[in-house]
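Heads up: the structure comes next, in structure tokens.
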Amino acid sequence: EKGTYPHYMLKEIDEQPFVMRRIIQKYQDASGALTIDKDIVNAVLEADRLYIIACGTSYHAGLVGKQLLEKWANIPVEVHIASEFSYNMPLLSKKPLFIYISQSGETADSRAVLVQTKKLGYKALTITNVPGSTLSREADYTLLLHAGPEIAVASTKAYTAQIAVLAILATVAAKAKGIALDFSLVKELGIIANVMEMLCDAKEEMEQIAREYLETTRNCFFIGRASDFYVGLEGALKLKEISYIQAEGFAGGELKHGTIALIEEGTPVVALATQEHVNLSIRGNVKEVVARGANPCIISMRGLETDEDRYVIPAVHPMLTPLVAVVPLQLIAYYAALHRGCDVDKPRNLAKSVTVE
Ligand code: M6R
């Protein structure tokens, strides 16, 4: 039920802090440590490479998950779009483990790959929000998102839940390998839940940004580097699917290789700056687009901000910034669609679960 909310999407955006806290609880053992079924941990440790297979928003969560698993647990990971993988299978490692990420657990493109990899004899783990879904039943192992039903076609709380569960998997795998991490994920996810709450309270500000930048525009670009690039891809998908504004996410460094030709007087460019090691270079990219007339909307993180930034997010663990940076983008997309009179929860031409290949 959407209760007092005008749309499921807004309700589901607002639920994200609760979902973070519920995920921590669901994955804690009696002593409060994060834990994952030992058969799943063993399957991850026995693999020489993880292959994450997903579509749409779940694919974007997989890109963030790759970084966490590689940096924290030192396990090589490839992330593939399901529909590409099934017709263009890459050379596989000797002992792959397949990880299917799917909110609904019913996505036909992902299932087609699961059928193929099972035929080849490879084990599969499904990360899904729906217990008993097809992808869960057909895989060897399942990790649940515990996000509660997601009704809006535009995925929001499932994306952040997917990243949180992948983060838990990465830290538990690291621990099982004897890798010492210098932070507590329970604590960091708690901070993230609090910051998400603050961001959800900033709705008026986000509505104002949507008004200022997106009311009449035909297109909008999202730029970022490192994990901000992945969040930009997700921000662009959110905006295009519900507001029908042509939106694209780009790696900041790729601009000069083509995209910058599209920047005109007034073109909105949302730039994300949450990553210290690329802060100077993304700001250089903003200068490049501004010089061509772009209307920049810089969203940065506390500690990296400058006077020109439109919104500054409170600081969180640098590897987990996608969990918070996506929230303003979800809200901006919501208000842009609302102002343009679009059907926010049921955008044209789209279905909640895509059960055809
Ligand atoms: O249920 P799934 O996670 O497998 O769905 C994958 C995509 O169809 C889905 O994320 C889609 O991109 C959303 N509409 C994005 O908001």
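Read the figures in this text as sums done on the coordinates, not as results from a lab. Predicted, not measured: the structure shown is a model, and the values here were computed from it. In this analysis, Cβ positions are derived from the backbone assuming ideal geometry, glycine residues included, and neighbour counts consider all displayed protein chains.
Key figures for this structure:
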| read-out | value |
| --- | --- |
| For region 287-340: relative contact order, % (alpha-carbon pairs under 8 angstrom, 6 or more apart) | 22 percent |
| In region 246-353, the trypsin sites (Lys or Arg not before Pro) that fall in loop regions by DSSP, at most 16 other Cβ within 10 Å | 292, 302, 340, 348, 352 |
| Neighbour-count ranking [beta-carbon atoms within 10 angstrom, fewest first] of 313, 179 | 179, 313 |
| Residue with peak Gaussian network fluctuation, the chain [Cα springs, cutoff 10 Å], from 154, 61, 210 | 210 |
| In order through region 313-322: 3J(HN,Hα) via Karplus (6.51 cos²θ - 1.76 cosθ + 1.60), integer Hz, x for Gly, Pro | 8, x, 5, 10, 3, x, 7, 10, 4, x |
| Counting DSSP beta bridges with both ends in the chain, the antiparallel % (nearest 5) | 5 percent |
| Antiparallel bridge percentage (DSSP; both residues within region 23-132; nearest 5) | 5 percent |
| Long-range HN-HN contacts of residue 75 with modeled amide H, under 5 Å | 70 |
| Those lysines that a straight Cα-Cα span of less than 29 Å connects to residue 94, excepting residues fewer than 8 apart in one chain | 38, 66, 71, 118, 119, 123, 175, 177 |
| Fewest-first ranking of 27, 159, 230, using other Cβ atoms within 10 Å as the exposure measure | 27, 230, 159 |
| Antiparallel bridge percentage (DSSP; both residues within region 57-186; nearest 5) | 0 percent |
| Hydrodynamic radius (Kirkwood) for region 143-206, which is based on Cα pairs only, to one decimal in Å | 13.7 Å |
| Over the chain, relative contact order from alpha-carbon pairs under 8 Å, at least 6 apart, % | 20 percent |
| Degrees between helix 16-26 axis and first principal axis of the chain (Cα, 0 to 90, nearest 10) | 20 degrees |
| The chain: angle of helix 157-176 to the longest principal axis, Cα-based, in degrees nearest 10 | 50 degrees |
| In region 1-102, GluC sites (Glu not before Pro) in a DSSP loop with at most 15 other beta-carbon atoms within 10 Å | 1 |
| Translational D in µm²/s for the chain (Stokes-Einstein at 20 °C, 1.002 mPa s, Kirkwood Rh from C-alpha pairs) | 104 µm²/s |
